[in-house]
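Below is one structure, written out as structure tokens; the observations come after it.
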Amino acid sequence: MQITEKQLSLVNERLKAIISSDNYFGRMYRELGITEIKTVEDFKKLPFVDKAELRNAYPLGIQAVPDEDIVRIHSSSGTTGKPVIIPYTAKDVDDWATMFARCYETAGIGKSDRIQITPGYGLWTAGIGFQAGCEKLGAMAIPMGPGNTEKQLQMMQDLKSTVICATSSYALLLAEEINKRGLKKDICLKKGVIGSERWSDKKREYISNELGIELYDIYGLTEIYGPGIGINCDKQTGMHYWDDYIYIEIIDPQTGKNVEDGEEGEIVITTLVKEGAPLLRFRTHDLSRIIPGACPCGRCYPRLDVIKGRSDDMFKVHGVNMFPSQVEELLGTVDGVSSEYKIDIAHDEEKNRDIILITVEAEGRVNFDKTAEIIKTIFKTKIGVTPKVVVVPVGTLPRSEKKTKRVFDHRDD
Ligand code: ZN
């Protein structure tokens, strides 16, 4: 998607604000001799920004306005090393809520809806983003936060929640619980807004059918406001994103070169109006593509396809590159297999080779031994790797309220 003149001039304004703030990136641009952005070529000369640099700037090195203008910070979880702190001005907070309200509207959610919010509140951007967007929209927020399934189901029935906001893993857990307790007739849910992560069609179908709701994928990341920068409409043809607030380009993660619209690659985001911590050409490591053409819904906002995975989730076994999403797709073709799985990779010193173990859930009606054999054959023929496979009953693997970690690499242990 070519950057427009309007967007270019906004980037130029942000660049100048960053440089004059003399923050971490301001110093970087000055050292590189970058002073302004006038043309598309100027823009493409801007270096990419990676999460590692945000860590280097810990805690507040990327702040681009005086302290008195900052009203809040959020932090992205640091699974390795230091976390990243993102400062927000009052305008940033308001812009984010406006974008989030637009997400709800795009999903057909309005003032009379009752929105049950299960993502966590706190340093994380999730819960508070869902809440601010809901209030901006004028709907009723039910700020549950994560966990306590008993209470979630109680409130869902008593308050007649019409919308559930959750990760796909927690939505699955709630759907299973509602199914188990035969509560479907007692709930009023119509729609689910699900934090975008790669999830299988099977899981989507199960949640949608069990709860009898339409599902919407909401996109976002803490470094760029938080969730709420894009969502799919009821045509379900990809996620519209708000190109008046952000500019998105797709690059080849290996070469860093822009790819054509429609081609898959890594999402790179430039904030156009962010004040507290503007970021230019931030590498998200999320893999997707821009969907060319117009959406049948008539909205002019461009579209991203579902997130296919993360470029840093890729793992290598016997020299073969694999993504969790690929594993998920292959498992989805096997009869009776659920959407929950886990992958362990280890190195066998004796044979000097990598061992990949897939633990997968299957319904009781299928033969577990045969199912394991079928999975082995599919992996061997489709990607040339023969895993060890353990089939366990549905419900055995842990369900998580956050994004589920599926790949455990023990080779460095
Ligand atoms: Zn649309």
*Within the stretch 243-256, is there a residue that is farther than 21 Å from T222 by Cβ and within 16 Å of the ligand (Cβ to nearest atom)?*
no
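Conditions (1) out of contact with any strand residue (DSSP E or B) (no Cβ under 8 Å at 6 or more places or on another chain); (2) farther than 27 Å from D158 by Cα; (3) modelled with pLDDT of 95 or more, marked per residue:
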| residue | (1), (2), (3) |
| --- | --- |
| Q63 | no, yes, yes |
| H74 | no, yes, yes |
| G78 | no, yes, no |
| D95 | no, yes, yes |
| F100 | no, no, yes |
| C103 | no, no, yes |
| R114 | no, no, yes |
| G120 | yes, no, no |
| W124 | no, yes, no |
*Run I343 past the list (1) touching a Pro at 6+ places or on another chain (Cβ under 8 Å); (2) at pLDDT 95 or above; (3) away from the ligand (no atom under 16 Å from the Cβ) and report the number of the one that doesn't hold.*
(2)
*So is K91 more than 19 Å from G230 (Cβ to Cβ), open to solvent by 10 Å² or more (accessible area, probe 1.4 Å) and either within 16 Å of the ligand (Cβ to nearest atom) or part of a helix (DSSP H, G or I) (or both) or not?*
yes
*asked:* If I filter the stretch 257-284 down to residues being within 21 Å of K45 (Cα to Cα) and small (G, A, S), which single residue comes out as farthest from the ligand (Cβ to nearest atom)?
replied: A277
*Specify the residue that is nearest to Y216 (Cα to Cα); the eligible residues are those in the stretch 304-347 that are open to solvent by 10 Å² or more (accessible area, probe 1.4 Å) and of a type in the set (D, E).*
D305
*What is the one condition in (1) open to solvent by 20 Å² or more (accessible area, probe 1.4 Å); (2) within 16 Å of the ligand (Cβ to nearest atom); (3) out of contact with any helix residue (DSSP H, G or I) (no Cβ under 8 Å at 6 or more places or on another chain) that C295 does not satisfy?*
(1)
*Only residues in the stretch 299-312 that are over 17 Å from G195 (Cα atoms) count as the first member; pair them with residues that are within 12 Å of the ligand (Cβ to nearest atom) and open to solvent by less than 10 Å² (accessible area, probe 1.4 Å), Cβ under 6 angstrom, at least 6 apart or cross-chain, and list the lot.*
R299/H240; Y301/H240
*Members of the stretch 42-88 that are more than 19 Å from E13 (Cβ to Cβ), open to solvent by 30 Å² or more (accessible area, probe 1.4 Å) and assigned to a helix (DSSP H, G or I)*: K51, A52, E53, R55, N56, D67, E68
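Kindly evaluate V366 against the criterion of being open to solvent by less than 50 Å² (accessible area, probe 1.4 Å) and not hydroxyl-bearing (S, T, Y).
So V366 passes the test.
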*Name every residue in the stretch 152-188 that is touching a Ser or Thr at 6+ places or on another chain (Cβ under 9 Å), buried (at least 21 other Cβ atoms within 10 Å of the Cβ) and assigned to a loop (DSSP other than H, G, I, E, B), in order of residue number.*
T162, T167
*Using the structure shown, decide if R27 is modelled with pLDDT under 95, surrounded by 14 or more Cβ atoms within 10 Å (Cβ to Cβ), out of contact with any helix residue (DSSP H, G or I) (no Cβ under 6 Å at 6 or more places or on another chain) and more than 30 Å from I213 (Cβ to Cβ).*
no
*asked:* Condition first: surrounded by fewer than 21 Cβ atoms within 10 Å (Cβ to Cβ) and within 17 Å of Q2 (Cα to Cα). Now tell me which residues in the stretch 251-271 satisfy that.
replied: I251, D252, G256, K257, N258, V259, E260, D261, G262, E263, E264
*asked:* Which count do you get for residues in the stretch 222-237 that are crowded, with 21+ Cβ neighbours inside 10 Å and within 15 Å of the ligand (Cβ to nearest atom)?
replied: 4
_All positions within the stretch 8-24 that are in a helix (DSSP H, G or I) and touching a helix residue (DSSP H, G or I) at 6+ places or on another chain (Cβ under 9 Å)_ = L8, V11, N12, L15, A17, I18, I19, S20, Y24
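The values are calculated or read from the model by the stated rules, or taken from the named source; none is laboratory data. Note that this is a predicted model, so its numbers are computed, not measured. Because the Cβ atoms are built from the backbone with ideal geometry, glycine has one as well, and the counts that use them run over all protein chains shown. Calculation scope for accessible area: heavy atoms of the full protein, side chains included, ligands and nucleic acids excluded. Shrake-Rupley method; radii C 1.70, N 1.55, O 1.52, S 1.80 Å.
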